[in-house]
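All remarks here apply to the structure that follows.
The values are calculated or read from the model by the stated rules, or taken from the named source; none is laboratory data. Being a predicted model, the structure only gives us computed values, none of them experimental. Here the Cβ positions follow ideal geometry from the backbone for every residue, glycine too, while neighbour counts run over all protein chains shown. Just so you know, the surface numbers come from the protein's heavy atoms only, side chains and all, with ligands and any DNA or RNA stripped out. Shrake-Rupley method; radii C 1.70, N 1.55, O 1.52, S 1.80 Å.
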Amino acid sequence: MTGLGTLLFLAGVIVLIFGILRYRKRNWPRRKTQIVIISSILAIIIGIGIIPSSETEEASNEKPKQTEKTVKKNDKAFIKTDKTFSTNDEGTLTIKGETIPGGEVRLALEGATELVTDADDDGNFEFSLMNFDQSREAVLSMTFRGKTTEFPVSLSVSSGYETKLAEEKKAETERVAAEKAEAERVERERLAAEEQKAQEAKIAAEKKAEQDRIAAAEKAKAAETKRAEAERAAAQPDTSNKQGETVYITATGSKYHYSQSCRGLNNSNGETAVTVDEAKAQGFTLCGFE
């Protein structure tokens, strides 16, 4: 198809030049010259249109051949990469390498789940491990046409990321210690508040108990006073209805007696009978024995 496009293009150019020359020399009729020129221009346009499509078609036909040649050339499983890899300062570890285009590559890590990726059309593959914080050994492997090849690699943590991890661990330790100290402070304050509250309650209880004791003592004292007064009142004879009764007084005494046999008259040399009113009027008081 490429030859046809080029042929049309060249033929159109030649006929166009030939037609222009004939027209200038007036050898051809004007109408015939116009037809020749227009035809040559169409041939040029068609030829230009065919050439790119032909080249594209040829390129697309050649690509599978190239891929086929690559696969045919690399007819054995292989992995091409570095033996050691290290993280960046942010903890990301990237493993890159080459293998058969489109091949499946596996990454087996110690103590971790196996990772799988596919190589691109150029045979490049890549693994990215985030927050890689522990150095360890790993194995890259791929299988092609029933044959498996393995490639051991060493994965390590960079000094920059180790420093960052140490700083983060220190910050975490300090945070935990601060939280613990704050919790202990709050607990101490709570216990102190409870102790103070208990002390205040104890003082209040003791104060109330003392007040109750004093009140009880005063009440008992008042009851005792009342009882004594009642006893004294009971011991004294009722004289409310004895104003006109006869009592006995002596010339040397100061008491009056309702009975001549009263002990207060044992030493008397003689008694005089008078009324109670008369005895009281003379300053006599009731004998204590009656």
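Quick look at the numbers
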| item | result |
| --- | --- |
| Cβ-Cβ under 6 Å pairs, at least 6 apart or on other chains, segment 264-290 side free of Cβ contacts under 8 Å to residues at least 60 places away in the same chain, far side part of a helix (DSSP H, G or I) | Cys287/Gly264; Phe289/Arg263; Phe289/Gly264 |
| Count of segment 79-105 residues which are outside any strand (DSSP E or B), buried (at least 16 other Cβ atoms within 10 Å of the Cβ) and over 35 Å from the mean Cα position of the chain (by Cα) | 5 |
| In segment 141-156, the residues that are loosely packed, with under 14 Cβ neighbours inside 10 Å and under 41 Å from the mean Cα position of the chain (by Cα) | Ser154 |
| Test for Glu68: is it at pLDDT below 95, of a type outside the set (A, V, I, L, M, F, W, C), under 36 Å from the mean Cα position of the chain (by Cα) and in a helix (DSSP H, G or I) | no |
| Verdict on Glu218 being farther than 30 Å from Glu110 by Cα, open to solvent by 60 Å² or more (accessible area, probe 1.4 Å), assigned to a helix (DSSP H, G or I) and not basic (Lys, Arg) | yes |
| Count of residues meeting criterion [among the aliphatic types (A, V, I, L, M) and either in a loop (DSSP other than H, G, I, E, B) or closer than 14 Å to Leu109 by Cβ (or both)] in segment 123-173 | 8 |
| Residue identified as in a helix (DSSP H, G or I) and at pLDDT 90 or above among Ala279, Ala198, Ala228, Ala233 | Ala198 |
| Scan of segment 106-132 for residues that are loosely packed, with under 14 Cβ neighbours inside 10 Å, of a type outside the set (Val, Ile, Thr) and under 35 Å from the mean Cα position of the chain (by Cα), ordered by number | Glu110, Gly111, Ala112, Glu114, Ser128, Met130, Asn131 |
